[in-house]
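What follows is a short report on a single structure.
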Amino acid sequence: MLFRKHHLLESHHGKGTFIRSLPRGGRILDVGCGNESPAFSRWIRRDLYYIGIDVADYRQEAASIDAADEYHITTPSGFVEEINRFSGSIDGVVSSHNLEHCDDHRAVLKAMVGVLKPGGRMYLSFPCEASARFPHRGGCLNFFDDSTHQHLLSWHAVVEDLRALDMEFEFSACRYRPFLPAFFGLLYEPISALRREVSRTGGTWALYGFESVIWATSRA
């Protein structure tokens, strides 16, 4: 599977590392769980109780869906309500490139914080504001390469919203550029530019700092 290739360039504050850091036997809620995320999460941590929520089976194989303990498909208008069903019961929330697709991203962010237990933790990633000026490439490097993106999120607004929701920051990067993936992205850049497509292992994203990344803990 493709996620095995991603593991080779796993970054210190990436999604996989966050999942590895969750407590043994904990409950993880993956909000926007496409791209075989259930299988990826299960491969990393078989002991976690995995719950996935999305609005469609986006690039999802049957084996990945089967890897989830719970897998919920809802509507965009019912997305917040579906998240709220797990209020106060989750050890770790993962939201990887989800908020920019949501009808009401602030309501989704509030709901995700609300499902956390006291001391529960969140991984959040989304395209940085600067990506609106990046080159256009297949696989998305410029924010507007993806027609399903609805909101170019303000870094400062997301940070302030999380602080207002009593979240404490473990790590935050407005443009996350982990060294090893960025180095491989630099080596691949001539090919990426020629083919007009990003590296499938995340090197191009790391080189440009495409992702904003936050790790935060609930103090409530």
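Built from the Cα atoms of region 135-220, the convex hull projects on average onto 6.3 nm², one quarter of its surface area.
Estimated from helices alone, the mean residue ellipticity of the chain at 222 nm is -9500 deg cm²/dmol (sum of -39500 (n - 2.57) over DSSP H runs with n ≥ 4, per residue). As a length-normalised measure over Cα pairs under 8 Å and 6 or more apart, the relative contact order of the chain settles at 20 percent.
Ranking Leu194, Leu22 by Cβ neighbours within 10 Å, fewest first, what do you get?
Details: Leu194 8, Leu22 21.
By the 10 Å Cβ count, ascending, the order reads Leu194, Leu22.
Separation of region 30-56 and region 101-136 by C-alpha centroid, Å? One Cα centre to the other: 17 Å. Checking (i) 16.5; (ii) 17.5; (iii) 18.4 against Kirkwood radius over Cα pairs in Å calculated from these atoms, the matching label is (ii). Of the options Leu186, Trp155, Phe79, report the single residue whose Cα projects farthest towards the positive end of the charge dipole of region 35-189 (beta-carbon charges: Lys, Arg +1; Asp, Glu -1). Of the candidates, Leu186 comes out farthest on the positive side.
Report the relative contact order of region 103-178, percent, no decimals, based on alpha-carbon pairs under 8 angstrom and at least 6 residues apart.
Details: 40 pairs, mean separation 19.7, N = 76.
Across region 103-178, relative contact order equals 26 percent.
Taking a Cβ cut-off of under 12 Å around Ala67, the surrounding Lys, Arg, Asp and Glu residues balance to a net charge of -3, with basic ones at +1 and acidic ones at -1.
Computed from the coordinates by the stated procedures, all read-outs in this text should not be read as laboratory data. This is a predicted model, so every value here is computed, not measured. Here Cβ is always computed from backbone atoms with ideal geometry, including for glycine, and neighbour counts include all displayed protein chains.
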